[in-house]
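Chemist: Below you'll find the structure I mean.
The values are calculated or read from the model by the stated rules, or taken from the named source; none is laboratory data. Computed from a prediction, not measured in an experiment: that's the story for all the values here. Cβ coordinates were reconstructed from backbone atoms using ideal geometry, including for glycine residues, and neighbour counts include every protein chain displayed.
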Amino acid sequence: MDPEHPDRRLIKEAAEVLRRGGLIAFPTETVYGLGALIHLRDAVRRIFEVKGRPPDNPLIVHVASLDQLREVAIDVPRKALKLAEAFWPGPLTLVLPKSGSVPDEVTAGLPKVAVRMPAHAVALALIEEAGAPVAAPSANLSGRPSPTSAEHVLRDLGGRIEGVLDAGETLYGVESTIVDLTVSPPALLRPGAMPIEKVEEVLGEKVAIPDFARGLGEAERALAPGTRYRHYAPQAVLLVIEASDYGDLRRLAEVVRRTALAKAAEGLKVCVLCTEETLPLYAGLEASVALKCLGSRRNLFTVARNLFKALRSIDDEGFEFAIAEGFEERGLGLAIMNRLRKASGFNIVRV
Ligand code: TXA
Ligand code: MG
């Protein structure tokens, strides 16, 4: 359906399926989500089953109004309302103390709930029509890259869910930014489509950025459970080559080139995820190595948007060894590096 003008008839039908306890995948501005109504415990449990999701990894609650926020969270601090006013609907998820109306199944037993209002007409129409907040993780099999199209959803979950609302490719292509507002200073649990610098501007304070939010090290169980697993991962070996100075891309490109050629010489089918800026530095490489350009370093929006599709294509096209260039951890670069490092299983080289 048209992402801006949802088909009312289909929305009604999908909402009815949700109310009967079914699972519906739907588009958001970040990635596709797999939804169930929060108070239908069996439906929520089924989300974990069909995704193969570890039971201790809580779900984000999607709301269509501030009234629904107040329904699922208690003691909502002024900071939260400020952020909601500035960025909702939008790709920012707030972690708050949960209310009694959120079943433990949704939060995996945690006393906190993660809430966001998606900036997508189809998602908002579905939540409104269903008449209740919708719990929804990304609509992929656990461990796979998040789906940025209905095709990705069906690839992973086709035959196991009641339906998917197809509104084409999602806008951002990476998930929402998650900020925990139950601690002081607020903590970044997952960098995402909303740059953390913008959040800090509105809050008027720095947000704590733990190592695991950068995709380094392991998360504490209670903090951000979903950050502990190898995530977004292709079957192929993925190596991330990071630079200590992104002002000089020649050095980075030289190491990428040497590594790619060495792996190709071992007989492996190799691909390199590169950028417009580095593409010219790989002249001649395309004879033995596939080059996938993610976009420009000057517009990380395009890189983020293409990232999950590129990670999926590594396997779909039968590559055995993939190399990704690193990015500076600013703006969307923080989210991109978090995803790449995790997708690689922390297989990282710094040059
Ligand atoms: O953009 C997004 O956020 C997408 C779309 C569908 O909204 N959703 C998404 O959900 O990415 P999921 O389940 O793939 O990732 C949710 C993350 C997990 O890392 C989970 O651990 C964390 O949010 N989370 C959920 N509830 C939490 C809570 N109560 N406390 C801490 N972390 C929480
Ligand atoms: Mg996910």
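Chemist: Go through (1) within 9 Å of ligand 1 (Cβ to nearest atom); (2) surrounded by 19 or more Cβ atoms within 10 Å (Cβ to Cβ); (3) at positive phi for Ile178 and report which single condition fails.
Modeler: Condition not satisfied by Ile178: (3).
Chemist: If you take the residues of segment 243-268 that are of a type in the set (Gly, Ala, Ser) and closer than 19 Å to Ala322 by Cα, which of them is surrounded by the fewest Cβ atoms within 10 Å (Cβ to Cβ)?
Modeler: Just the residues of segment 243-268 that are of a type in the set (Gly, Ala, Ser), to begin with: 243-244, 247, 253, 260, 262, 264-265, 267.
Retained after the next criterion (residues that are closer than 19 Å to Ala322 by Cα): 243, 253, 260, 262, 264-265, 267.
Details: Ala243: 20, Ala253: 24, Ala260: 26, Ala262: 12, Ala264: 17, Ala265: 10, Gly267: 8.
Of everything passing the filter in segment 243-268, Gly267 is surrounded by the fewest Cβ atoms within 10 Å (Cβ to Cβ).
Chemist: If Thr259 meets every condition in (1) touching a Leu at 6+ places or on another chain (Cβ under 8 Å); (2) assigned to a strand (DSSP E or B) apart from one, which number is that one?
Modeler: So Thr259 meets the others, but not (2).
Chemist: For segment 144-160: of the residues being more than 14 Å from ligand 1 (Cβ to nearest atom) and assigned to a loop (DSSP other than H, G, I, E, B), which is farthest from the chain's Cα centre (by Cα)? Write out each step before concluding.
Modeler: Filtering segment 144-160 down to residues more than 14 Å from ligand 1 (Cβ to nearest atom) leaves 151, 154-155, 158-160.
Now restrict to residues that are assigned to a loop (DSSP other than H, G, I, E, B): 158-160.
Details: Gly158: 20, Gly159: 23, Arg160: 21 Å.
It comes out as Gly159.
Chemist: Related question: Across segment 123-143, which residue is nearest to ligand 1 (Cβ to nearest atom) among those that are surrounded by 24 or more Cβ atoms within 10 Å (Cβ to Cβ) and not in a strand (DSSP E or B)? If you could, list the steps in order and put the result at the bottom.
Modeler: Going residue by residue through segment 123-143, those that are surrounded by 24 or more Cβ atoms within 10 Å (Cβ to Cβ) are 123, 126-127, 133-136, 138-140.
Among the residues that remain, those that are also not in a strand (DSSP E or B) are: 123, 126-127, 133, 136, 139-140.
Details: Ala123: 8, Leu126: 12, Ile127: 11, Pro133: 12, Ala136: 5, Ala139: 7, Asn140: 8 Å.
Result: Ala136.
Chemist: Name every residue in segment 288-336 that is charged (D, E, K, R), without any contact (Cβ under 8 Å) to a residue 40 or more places away in the chain and out of contact with any helix residue (DSSP H, G or I) (no Cβ under 6 Å at 6 or more places or on another chain), in order of residue number.
Modeler: Just the residues of segment 288-336 that are charged (D, E, K, R), to begin with: 292, 297-298, 305, 309, 312, 315-317, 320, 325, 328-330.
Those left that are additionally without any contact (Cβ under 8 Å) to a residue 40 or more places away in the chain: 292, 298, 316.
Hits for segment 288-336 are Arg298, Asp316.
Chemist: Out of the residues in segment 181-201 that are away from ligand 1 (no atom under 12 Å from the Cβ) and under 18 Å from Pro77 (Cα atoms), which is surrounded by the most Cβ atoms within 10 Å (Cβ to Cβ)? Don't jump to the end; show me each part of the working.
Modeler: Quick first cut of segment 181-201, residues away from ligand 1 (no atom under 12 Å from the Cβ) only: 184-186, 195-201.
Applying the additional criterion that residues be under 18 Å from Pro77 (Cα atoms) yields 184-186, 199-201.
Working: Ser184: 11, Pro185: 12, Pro186: 24, Val199: 21, Glu200: 16, Glu201: 11.
Among those that are away from ligand 1 (no atom under 12 Å from the Cβ) and under 18 Å from Pro77 (Cα atoms), it is Pro186.
Chemist: Going by the conditions given, is Thr170 touching a helix residue (DSSP H, G or I) at 6+ places or on another chain (Cβ under 9 Å), in a loop (DSSP other than H, G, I, E, B), within 16 Å of ligand 1 (Cβ to nearest atom) and modelled with pLDDT of 95 or more? Show your work before the answer.
Modeler: Values: touching a helix residue (DSSP H, G or I) at 6+ places or on another chain (Cβ under 9 Å): yes; in a loop (DSSP other than H, G, I, E, B): yes; within 16 Å of ligand 1 (Cβ to nearest atom): yes; modelled with pLDDT of 95 or more: yes.
Against the criterion (touching a helix residue (DSSP H, G or I) at 6+ places or on another chain (Cβ under 9 Å), in a loop (DSSP other than H, G, I, E, B), within 16 Å of ligand 1 (Cβ to nearest atom) and modelled with pLDDT of 95 or more), Thr170 qualifies.
Chemist: Just the residues that are away from ligand 1 (no atom under 11 Å from the Cβ) and assigned to a loop (DSSP other than H, G, I, E, B), please, taken from segment 90-122.
Modeler: Ser99, Gly100, Ser101, Pro103
Chemist: Could you tell me whether any residue of segment 70-87 is more than 30 Å from Asp2 (Cα to Cα), at pLDDT 95 or above and within 16 Å of ligand 2 (Cβ to nearest atom)?
Modeler: no
Chemist: Out of curiosity, is Val153 within 13 Å of ligand 2 (Cβ to nearest atom) and buried (at least 24 other Cβ atoms within 10 Å of the Cβ)? Reasoning before the result, please.
Modeler: On the way: within 13 Å of ligand 2 (Cβ to nearest atom): yes; buried (at least 24 other Cβ atoms within 10 Å of the Cβ): yes.
Answer is yes for this residue.
Chemist: Another question, if that's okay. Going through segment 269-284 one residue at a time, which ones are buried (at least 16 other Cβ atoms within 10 Å of the Cβ), farther than 20 Å from Gly173 by Cβ and either within 20 Å of the chain's Cα centre (by Cα) or at pLDDT below 95 (or both)?
Modeler: Hits for segment 269-284: nothing passes.
Chemist: If you don't mind, there's one more thing I want to ask. Out of Pro147, Pro103, I need the residue that is crowded, with 20+ Cβ neighbours inside 10 Å and either out of contact with any Phe, Trp or Tyr (no Cβ under 7 Å at 6 or more places or on another chain) or touching a residue at least 60 places away in the same chain (Cβ under 8 Å) (or both). Which one? Spell out the reasoning first.
Modeler: Numbers: Pro103 fails: crowded, with 20+ Cβ neighbours inside 10 Å.
Of the residues listed, the single one that is crowded, with 20+ Cβ neighbours inside 10 Å and either out of contact with any Phe, Trp or Tyr (no Cβ under 7 Å at 6 or more places or on another chain) or touching a residue at least 60 places away in the same chain (Cβ under 8 Å) (or both) is Pro147.
Chemist: Pick out the one residue from Ile24, Ile60 that is closer than 25 Å to Pro91 by Cα, buried (at least 22 other Cβ atoms within 10 Å of the Cβ), β-branched (Val, Ile, Thr) and more than 9 Å from ligand 1 (Cβ to nearest atom). Spell out the reasoning first.
Modeler: On the way: Ile60 fails: more than 9 Å from ligand 1 (Cβ to nearest atom).
From the options Ile24, Ile60, the qualifying one is Ile24.
Chemist: OK, next. Mind checking which residues of segment 157-168 are within 29 Å of Gly331 (Cβ to Cβ) and surrounded by 16 or more Cβ atoms within 10 Å (Cβ to Cβ)?
Modeler: If the condition is that a residue be within 29 Å of Gly331 (Cβ to Cβ) and surrounded by 16 or more Cβ atoms within 10 Å (Cβ to Cβ), then Ala167 is the only one that fits.
Chemist: Let me ask something else about it. Within segment 77-87, work out how many residues are within 25 Å of Leu171 (Cβ to Cβ), in contact with a strand residue (DSSP E or B) (Cβ under 9 Å, 6 or more places away or on another chain) and surrounded by fewer than 20 Cβ atoms within 10 Å (Cβ to Cβ).
Modeler: 1
Here's the yes/no breakdown for (1) within 20 Å of Tyr32 (Cβ to Cβ); (2) outside any strand (DSSP E or B); (3) under 17 Å from the mean Cα position of the chain (by Cα):
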position	(1), (2), (3)
Lys292	no, no, no
Phe301	yes, yes, yes
Leu307	yes, yes, yes
Phe319	no, yes, no
Arg339	yes, yes, yes
Lys342	yes, yes, yes
